[in-house]
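Inspection log for the structure reproduced underneath, given as structure tokens.
The values are calculated or read from the model by the stated rules, or taken from the named source; none is laboratory data. This structure is a prediction, so every number in the text was calculated from the model and none was measured. Neighbour counts are summed over all protein chains in view; Cβ atoms, including those assigned to glycine, are modelled from backbone coordinates with ideal geometry. All accessible areas refer to the heavy atoms of the entire protein, side chains included, with ligands and DNA or RNA removed. Shrake-Rupley method; radii C 1.70, N 1.55, O 1.52, S 1.80 Å.
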Amino acid sequence: MTSRPYTPLRSVLYTPGSNARALDKARALPADGLILDLEDAVAPEAKALARDTVVRVLAEGGYGHRRRVVRINGPDTPWGAADITAVARAGADAILLPKVETPQAVLAALEALDAAGGPADLPLWIMAETPRGILEIGAIAAAHPRLEVIVMGTSDLAKELRVRHTLDRVGLVAALGHCVLAARAEGLEILDGVYLDLRDEPGFEAACEQGRDMGFDGKTLIHPRQIEAANRAFGISGEALERSQRIIAAWREAQQAGRGVCVVEGCLVEQLHMQEAERTVAMHEAIRERG
């Protein structure tokens, strides 16, 4: 298991690579990350245009702190090889590989990126969106140190599993939890899937809260109007920050007195609670630095 510095990924917005206007507007959005999409959001006849557009906007820059991740087409598609050649050296913060089902797919993608001249430390993100991919997610997550984030593709997964999109996501809970376990076992970040009904703001907020409570680090989004709610749900509330600060202060006082435990607000506090409190404060600081 590896450990990486905390980088906020509360809100990660899919942005079609063929939509130059949306790519331009994304520079000012309060999202933590942007997935510049060459795959599902782009029609076959627009693939080449999208590829060229994404390479151009990456070169232009101006995205500030936002993580710029390019989702390429799968290597087995007519566009996959050209995507890798084009984006390997384009300056993306990571490459997102769709429909990953084996550890070998991870290794092959990294080899292709390296052969195309990509940076030796260019991170890879992977989509978990097929039944076989979910069953193999533990091995996939452990495939290579450059693997950084698991992204749930819940729309494709629901279709493959033949389950309905319900508010409680009962048909997806087992797969979601399995992927969270794999991510945590390997020290990876993991993002929840999209919420498709843009009119249902209460439903979206509930989905964010469910994802947060299941252990996800953030949510992938399909529209800018979803950013605020995702940032709020996966961020640090004032109450959580204050309680963490009290835990840290009480723990340090107990340590100075030679005690291995202490009590905060009637609750026993041990080393593990101290570590979680420190992580909460670090998350708050990382988010605050973004303004």
Exercise. For segment 260-265, just list the computed ³J(HN,Hα) in residue order, Karplus coefficients 6.51, -1.76 and 1.60, θ = phi - 60°, integers in Hz, with x standing in for Gly and Pro.
Key: x, 9, 8, 10, 10, 6
Exercise. With a 1.4 Å probe and every protein chain left in place, tell me how much accessible area CYS267 has, in Å² to the nearest 10.
Key: 60
Quiz prompt | Dipole magnitude of the chain about its Cα centre (Cβ charges: Lys, Arg +1; Asp, Glu -1), debye to nearest 20 | solution = 380
Quiz item: Which whole-Hz couplings ³J(HN,Hα) result when phi for each residue of segment 101-112 is put into the Karplus expression 6.51 cos²θ - 1.76 cosθ + 1.60, θ = phi - 60°, listed in order with x for Gly and Pro?
Solution: 10, 9, x, 4, 5, 5, 5, 5, 5, 5, 4, 5
Exercise. Specify which residue in the list GLY266, PRO224, ALA183 is farthest towards the positive end of the charge dipole of segment 163-276, using unit charges on the beta carbon of Lys, Arg (+1) and Asp, Glu (-1), about the Cα centre.
Key: ALA183
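Report the trypsin sites (Lys or Arg not before Pro) located in segment 172-271 that are in a DSSP loop and have at most 11 other Cβ atoms inside 10 Å of their Cβ, or state none.
Details: sites: ARG184, ARG199, ARG212, LYS219, ARG225, ARG232, ARG243, ARG246, ARG252, ARG259; in loops: ARG199, ARG259.
For trypsin sites (Lys or Arg not before Pro) across segment 172-271 that sit outside H, G, I, E and B with at most 11 neighbouring Cβ atoms in 10 Å, the list reads ARG199, ARG259.
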Exercise. May I ask you to evaluate 6.51 cos²θ - 1.76 cosθ + 1.60, the Karplus curve with θ = phi - 60°, for each residue of segment 36-44 and list the ³J(HN,Hα) values in order in whole Hz, giving x for glycine and proline?
Key: 7, 9, 9, 9, 4, 7, 10, 5, x
Self-check item: 1.4 Å probe accessible area per residue over segment 212-269, in Å²
Solution: 56
Exercise. Enumerate the amide H contacts of LEU96 below 5 Å, restricted to partners 5 or more residues apart or on another chain; note that Pro and chain-start residues carry no placed amide H.
Key: VAL70, ARG71, ILE72, TRP125
Quiz prompt | Extent along principal axes [Cα atoms of the chain; Å; largest to smallest] | solution = 67, 41, 37
